[in-house]
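Inspection log for the structure reproduced underneath, given as structure tokens.
Read-outs throughout are calculated quantities, based only on the coordinates presented, and are distinct from any laboratory measurement. Nothing here was measured: the structure is a model prediction, and the numbers come from that model. Cβ sites come from the backbone with ideal geometry, for glycine too, and all protein chains shown count toward neighbours.
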Amino acid sequence: MTSLVLEQPTSSPANPTTATPPATIVLAGATGALGLLIAHHLRLRGATVRALVRPGATTKAEAASLRLQGAEVVAVEYTEAAALTAACTGASCVVSALSGLREVIVDAQTQLLHAAVAAGVPRFIPSDFSADFTRLPEGSNRNFDLRREFQRRLDQAPIRATSILNGMFTDLLTGQAPLILPGPRRVVYWGDADQPLDFTTMINTAEFTAAAALDDTTPRYLRIAGEVATIRGLQTAAQQATGHRFKLLRVGGLGVLATMIKVTQTLVPAHNEVFPPWQGMQYLHNMLSGQAKLAEPLDNTRYPGIRWTPVREVLAASK
């Protein structure tokens with residue numbers, strides 16, 4: 001038996017612009033923060049959204065939000081190939097916003113990929129949404145290694161793939177990424193204060209992803225950044241957002257950060273957590289070293305109408 005449950009949307013697509021049937025986009029990880037935003041922007045663009053959720057999540061607030069947006073809600077286990085294939089049937093693109101470790105990023109996405117291929121879906125957007133992990137050596141970032149492993153499987157599949165790389169989510173600068181410290185008014189960093197860094201808000205990433213999902217001409221990679229800023233640029237943005245003076249605090253070189261990562265992994269391994277402290281430190285090392293810098297020119301202008309949110313506005317809104 002399968003656990004496929006299909007619920008029809010409760011509202012019609014917003015502002016339909018053509019008489020042709022709207023494209024159907026299958027969205028995995030639809031109840032996550034990024035997934036909900038992608039669903040919203042797909043609906044704004046007139047798409048039919050088929051949101052995949054775990055059977056136990058159908059009664060949660062996130063599933064209710066998807067229904068209110070007019071998305072179809074499909075409850076399915078990823079291990080049930082027939083049900084997953086049925087859920088993908090008729091879609092023009094499968095978008096994955098799944099988040100997790102190996103059992104999700106590699107295993108569940110592979111099951112989703114196989115279902116998309118079996119259903120004849122022409123395009124697949126994986127859950128990459130990050131700095132440019134393709135430029136990093138193996139072992140430099142646990143979560144990026146998992147994405148690279150799935151990437152190898154995706155590139156061998158008979159389906160057109162597009163990865164969207166957006167640097168760091170700007171939203172993380174308001175708390176989770178310990179670069180800007182509003183209390184002591186410091187911008188903390190390792191290495192070079194003039195190294196360019198890529199930042200994109202989650203909303204901008206979702207908006208761009210929705211446009212890409214409806215564009216059947218996308219290349220293998222699309223690279224976007226709401227703002228490219230150095231550590232000194234973050235200092236200026238923090239001062240403009242708060243009206244207070246911020247000082248730079250260089251903790252040390254990148255070698256010091258690498259040592260801190262190893263010590264933290266030893267003291268707080270937390271290998272079953274998606275974002276343990278050392279994982280965030282690995283991400284910072286990748287960015288501050290310049291290895292994960294997005295290649296330019298960026299693809300920001302591919303879809304006119306997207307207003308890119310600068311770091312300053314994100315910091316100002318969090319006050």
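Would you mind stating whether Pro158 is out of contact with any helix residue (DSSP H, G or I) (no Cβ under 9 Å at 6 or more places or on another chain), farther than 24 Å from Trp308 by Cβ, of a type outside the set (Ser, Thr, Tyr) and not in a helix (DSSP H, G or I)?
no
All but one of (1) under 21 Å from the mean Cα position of the chain (by Cα); (2) among the basic types (Lys, Arg); (3) not in a strand (DSSP E or B) hold for Arg50, so report the exception by its number.
Exception for Arg50: condition (3).
Go through the range 197-233 and give me each residue that's in a strand (DSSP E or B) and among the acidic types (Asp, Glu).
Asp198, Glu227
Per-residue answers, yes or no, for (1) within 20 Å of Phe133 (Cα to Cα); (2) without any contact (Cβ under 8 Å) to a residue 60 or more places away in the chain:
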position	(1), (2)
Arg250	no, no
Asn272	no, no
Leu294	yes, no
Pro297	yes, yes
Thr301	no, yes
Val311	no, no
Leu315	no, no
Ser318	no, no
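When the residues of the range 138-152 are filtered to those that are touching a residue at least 60 places away in the same chain (Cβ under 8 Å) and assigned to a loop (DSSP other than H, G, I, E, B), which remaining residue is nearest to Phe208 (Cα to Cα)?
Asn141
Report every pair of residues separated by at least 6 positions or lying on different chains whose Cβ atoms are under 6 Å apart, first residue within the range 78-101 and of a type in the set (S, T, N, Q), second surrounded by fewer than 24 Cβ atoms within 10 Å (Cβ to Cβ).
Once the first residue is of a type in the set (S, T, N, Q) and sits in the range 78-101, its partners that are surrounded by fewer than 24 Cβ atoms within 10 Å (Cβ to Cβ) give Thr85/Ala118; Thr85/Ala119; Thr89/Ala119; Ser92/Ala23; Ser99/Gly32.
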